[in-house]
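First comes the structure, then the notes that go with it.
The values are calculated or read from the model by the stated rules, or taken from the named source; none is laboratory data. Worth saying up front: this structure is predicted, and the values here are computed from it rather than measured. With ideal geometry, Cβ positions are generated from the backbone for all residues, glycine too; neighbour counts draw on all protein chains shown. Accessible surface areas use protein heavy atoms only, side chains included; no ligands, DNA or RNA. Shrake-Rupley method; radii C 1.70, N 1.55, O 1.52, S 1.80 Å.
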Amino acid sequence: MTQRERFLAMAVGGLFVVIAFQWGFNRYRDAIKFRDNRLAGLQNEANTLNEKMLAGAYADRQMGEYMVRSLPSNPERAQSTYQSWLLGTVREAGLKDAGVDPVSDAPVGDLYHRYGFRVSGKTSLNGLVGLLHDFYARDYLHRIRELNFGPSRTGDLNVEMTIDVISLSNAAIDAKIPDRDSWRIAQSLDETRESILNRNFFQPPNQPPVYAGDATLVAVKGQKTDVRLKVDDPEGTDVNYELEGELPEWASFKADSGTFTFDPPADPENSEGENGEDAGDGSAEVNSEPVKVVVRMTDTGYPRRQIEKTLLVKLENAPPPKEPDPLPPKFDDATQTYLTALVQGRNDWTAWMNVRTRGETLKLQIGDSFEIGSMKGSVKSVSARLVLLEIDGKEYELRPSGKLSEAVALKTAEPSEGEASAAEESATTEPPATEDSAPSAEQSESPSEQTEGADSSTEPTPQSRLD
């Protein structure tokens, strides 16, 4: 066998091995899948059988409960027993001209027997509620198939209802009347009547009023105060008030409007007699403590609903009188006062302040005081460039043509190094004037020629300085 034939034989053998392995694996996988499907099917069958067993146990338990509630299996006895109980219930409910008549009697397969009864008579709404409560409270296998009632000429209600009751075929012949109350009744007869009769069938149930005020009422010493209770009624009906407890002599209550009136003395803690001695009756201590009162609030809705609120009446001292706010000036002259000129005189510089609203010009030197509108202060210094003012303990600078009221908006007048050096330079360059020396040609000129930065619209004239 050649090399080539040997390789070909090995390849064919390997192919057969792969095919055999694939066939075996597929058989194994199919067997596993079949087994899993079979286990799942058996599990489903077991679950179905368990559910049927549980349903059977529940049905058996339910049937046992039905047996206890069933009428006797004997038809005649079952019909007479139930009719006797129904007659007693109707009479107990106060039905006038009552009638209880059997209307049907039919078997339903081999499982049970169904009987029908018709009840008729006249009663009030209160009696009808009592009849229905007694009916559903008895744990028979019965139901009201039809119920009709309406007003009669005498003011009562004409009542007619048809009842179905069941007797199981496997029930005992001498089955007794169930003596336990039915699970259908969650309230007593009085609670049922309260929830049904005391309401308006044509509107939602009436809600009680809601107190929206403070729990503590304040009485101010020496002042007469009226405090009306804040009560909101959801339906918007009127609210009546009733007070429980005693009020002090200085308090009263109006029940029609729910208003307290407090008029305590100016100082009830110092109750003294005519001779200045303590009365000694202890009334001061009682009056100083909060008084507890209970207010009952009842609305006029249907049915009437009410709430009770406990309130505290507390004494407080009268607040100190409030000082009236100062009236603002009708007009501030400082807003119309301008620095019109800085004039150099024989001794010192003078600041000309023109008050336009008064038609006058104030000539101020260092140390002079002024009061213009809301501005009240004094002159700290005057130079060729600006005037330094002290107002309310702070320093402000004002330049020519500047408005006095706007000087406040500038920075605090602590002179900068540049301004200080400029002021010193101007002081050193200007020759000092003496009383004996004659005025120079420049100084002999009119003040208008010596003005620096004067307002073109207001030209100052030489005149005596206004104090």
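Table for the structure above
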| item | result |
| --- | --- |
| Heavy-atom accessible surface of the stretch 162-224: percent carbon and sulfur, 1.4 Å | 50 |
| Rounded FRET efficiency, nearest 0.05, which uses the C-beta distance separating residue 110 from residue 235 and R0 of 51 Å | 0.30 |
| Chymotrypsin sites (Phe, Trp or Tyr not before Pro) lying in DSSP loop within the stretch 302-386, provided at most 12 other Cβ fall within 10 Å | 331 |
| Directionally averaged projected area (convex hull, Cα atoms, the stretch 182-248), nm² | 8.1 |
| Cβ-Cβ FRET estimate between residue 154 and residue 84, R0 fixed at 30 Å, reported to 0.05 | 0.60 |
| Taking the C-alpha atoms of the stretch 39-139, convex hull volume expressed per residue in Å³ | 134 |
| Tail weight of P(r) past 14 Å, computed on alpha-carbon pairs of the stretch 91-174, percent | 66 |
| Segments 358-366, 2-10 sorted - mean Cβ within 10 Å per residue, highest first | 358-366, 2-10 |
| Inter-site label distance for residue 172 and residue 392 at 7 Å from Cα along Cβ, in nm | 10.5 |
| Sparsely packed trypsin sites (Lys or Arg not before Pro) within the stretch 109-154, loop by DSSP, other Cβ within 10 Å at most 16 | 153 |
| Low-density loop positions, chymotrypsin sites (Phe, Trp or Tyr not before Pro), the stretch 200-232 - DSSP coil, at most 16 other Cβ in 10 Å | 201, 202 |
| For the stretch 317-370, the spread of Cα positions along each principal axis, largest first, Å | 67, 24, 12 |
| Above-threshold pairs, the threshold being 20 Å between Cα atoms, out of 221/292; 322/394; 322/376 | 322/394; 322/376 |
| Accessible-area value, residue 297, 1.4 Å probe, nucleic acids and ligands omitted, Å² | 0 |
